[in-house]
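Below: the structure, in structure tokens.
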Amino acid sequence: MDIHALLTRLGPAAFLIGAVLPTGGCSSTQARPNWMRDMVFWEERESDPRFKGPTPAEQVELLREQIELVPKMSPQEQQALAQQMSEAYRNEADPLLRREQVRVIAGCASPAAAETLTSALADSEPDIREVACDAWAKHGGPLAIPKLADTMKHDADLNVRLAAVRALAKIGGSDAITAVAPALEDEKPAMQYRAVQALREMTGKDFGDNANAWREYIRGGSPPEISLAERMKLQVF
């Protein structure tokens, strides 16, 4: 069996197999199925300093394939994967790999996942903090809205703050609407515009791009919505 194909198919299970393999002499090894012997061979090669592992591009591809497998995993498998990815994230210097690790973690229902996504919101790389916002929207849970609201208000990078608003809109609901509302008061026009888009998506209301009308609505008022004719005119232009 081709070992690269095996690793791709097994994903995180490949790292766990070593823990359950029987120990013993040569007779024990020979009694194992071929794929188990392949795994032992792979582990021995991986510890050899002469062995050259997968390139960063190959690792990124493997992580992206892993994302598709996470929903099919059992809760126990997701927990093991989250722990594995969390440790990898803490020790990874390559921001491209950290970014993909965060995406894998997003789908795992595990406390370790929430801890790592929290760390990712404080990553030194703005691109990873953006990905972390999207990851929180996917991961959900009681911490998602508070974490994203804090990022929306305090992150130093405008694009990250915009990503936080977008992620809150994906989550939706009254708590997310309340969390987005302060962005209407932001000094950056881009934040106000993104807040309006998010509120339109979450509420089903349409007051156009009039931030004042949206502020009134958030305060409990009833500003007039734009007409169908106005909407069609805006779409044309």
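Coordinate-derived values only; no laboratory data. All figures in this text were calculated on a predicted structure; none of them were measured in a lab. Reconstructed Cβ throughout: ideal geometry from the backbone, glycine too, with neighbour counts over all protein chains shown.
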Describe numerically, in nm with one decimal, the distance between label points set 7 Å from Cα along Cα→Cβ at ALA93 and at LEU143. 2.8
Kirkwood-based Rg/Rh on the Cα set of the range 144-237 evaluates to 0.98
So what J values fall out for the range 214-224 if you push phi through Karplus, 6.51 cos²θ - 1.76 cosθ + 1.60 with θ = phi - 60°, rounded to Hz, Gly and Pro as x? 5, 4, 4, 4, 4, 7, x, x, 10, x, x
Can you put HIS139, HIS154 in order of Cβ neighbours within 10 angstrom, beginning with the fewest? HIS154, HIS139
Per the rule of 0.36 nm per residue minus the C-alpha distance, extending LEU62 to SER119 adds in nm 18.3 nm
